[in-house]
Amino acid sequence: MQSLIAPSILAADFANLQQDVELVNNSQADWFHIDIMDGVFVPNISFGMPVLKAIAKHAKKTLDVHLMIVEPERYIKTFAELGSDILTVHFEACKDLAPTIKAIKAEGMKAGVAINPDSSVSVLEPFIAEIDLVCLMSVHPGFGGQSFIEGTYEKIQQLKALIHKKGAATKIEVDGGVTAANAKKLNNLGADVLVAGSFVFKSEDPSTTIADLKQLSA
């Protein structure tokens, strides 16, 4: 099955954000991946609510919003109101994951849970049947342009086995260091969604790069 391609807006040109949003709209990309960072959970700050609101105004595809923030449960309603279709919180940032997942779904969004490279897939076992999307971080969260962590391949297999074991319909998303060199392997192992930032937006022709990733992940 072909993977969905979700360009990460963190790597877009912030001075020409509408232009890059339209580029994604007109490309073969499936989703927009939007990273919200608070400088506390990760050592970096990205855009917040006003920029997300501006993106949502022009975006014509699924908004996959990834919160790299502490106490994400405080902002669930706000992100729903801003147009998020999928809201992903970090396992490591949630004091109590089950009610957070429930609250996200109550606002009409799909619930995603991200885990850092150092976290084991097994931490998700009690919740996997309730999670719509697991975001496997294949780089250390906080900064774009990092190299892919090879151990992610094994984690995809472990996560796939857990999903099957529990009879869940959870999608697997891989975020960080995705390129033309690894897209095919990631798809073959069972990744449903590939997030690519720098590889897309720093390329000479982002639309062609997206099309190439789409073809490779078939």
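Here, each number is a calculation from the coordinates, and none is a lab measurement. Please read these numbers as outputs of a predicted model, since none were measured by experiment. Ideal geometry is used to build each Cβ from the backbone, glycine not excepted, and the neighbour counts take in all protein chains shown.
Things to note:
- Residues whose amide H falls under 5 Å from that of Phe127, counting only those 5 or more places apart or on a different chain, are absent, with hydrogens built in the peptide plane.
- Across the stretch 173-186, coupling constants 3J(HN,Hα) worked out from phi with the 6.51/-1.76/1.60 Karplus curve, θ = phi - 60°, read 10, 10, 10, x, x, 6, 9, 5, 6, 10, 4, 5, 5, 4 Hz, and Gly and Pro carry x.
- Cα centroids of the stretch 68-98 and the stretch 140-216: 22 Å apart.
- Other-chain or far-sequence residues with amide H under 5 Å of Phe41's (modelled H): Val70
- From phi via Karplus (6.51, -1.76, 1.60), per-residue ³J(HN,Hα) for the stretch 80-97 in Hz, x at Gly/Pro: 5, 5, 7, x, 5, 8, 10, 10, 10, 10, 8, 3, 6, 9, 9, 6, 9, 6
- Taking trypsin sites (Lys or Arg not before Pro) in DSSP loop states with no more than 14 other Cβ atoms inside 10 Å as exposed sites, the chain has its longest site-free stretch at 96-201.
- With a cut-off of 12 Å between beta carbons, the residues surrounding Gly112 carry a summed charge of -4, where Lys and Arg count +1 and Asp and Glu -1.
- Förster-model FRET efficiency, 22 Å R0, Glu71 and Glu125, C-beta, rounded to 0.05: 0.35
- By the rule of a C-alpha distance below 14 Å, with chain neighbours fewer than 8 residues away ignored, the aspartates and glutamates paired with Lys160 are Glu125, Asp132, Glu173, Asp192.
- Whole-Hz ³J(HN,Hα) from phi, Karplus 6.51 cos²θ - 1.76 cosθ + 1.60, for the stretch 56-67, glycine and proline x: 4, 5, 10, 5, 10, 10, 3, 9, 9, 9, 10, 8
- A simple count of charges around Met137, restricted to other residues whose Cβ falls under 13 Å of its Cβ and scoring Lys, Arg +1 and Asp, Glu -1, yields -4.
- Length-normalised contact order of the stretch 4-216 in % [C-alpha pairs under 8 Å, at least 6 apart]: 21
- Rounded to the nearest 20, the size of the Cβ-charge dipole of the stretch 70-218 about its Cα centre is 340 debye, with Lys and Arg at +1 and Asp and Glu at -1.
- Remark: for residue pairs Lys105/Lys185; Lys171/Lys202; Lys110/Lys171; Lys61/Lys171, the C-alpha separation exceeds 21 Å in Lys105/Lys185; Lys171/Lys202.
- Multiplying the residue separation of Gln146 and Asp13 by 0.36 nm and removing their Cα-Cα distance gives an extension gain of 46.1 nm.
- Exposed loop sites here mean GluC sites (Glu not before Pro) with a DSSP loop assignment and at most 13 other beta-carbon atoms within 10 Å; the chain contains its longest site-free run at 1-149.
- Farthest positive-ward along the chain dipole, Cα basis, beta-carbon charges - from Ala15, Ala218, Thr88: Ala218
- If both residues of a DSSP beta bridge must be in the chain, then about 5% of such bridges are antiparallel.
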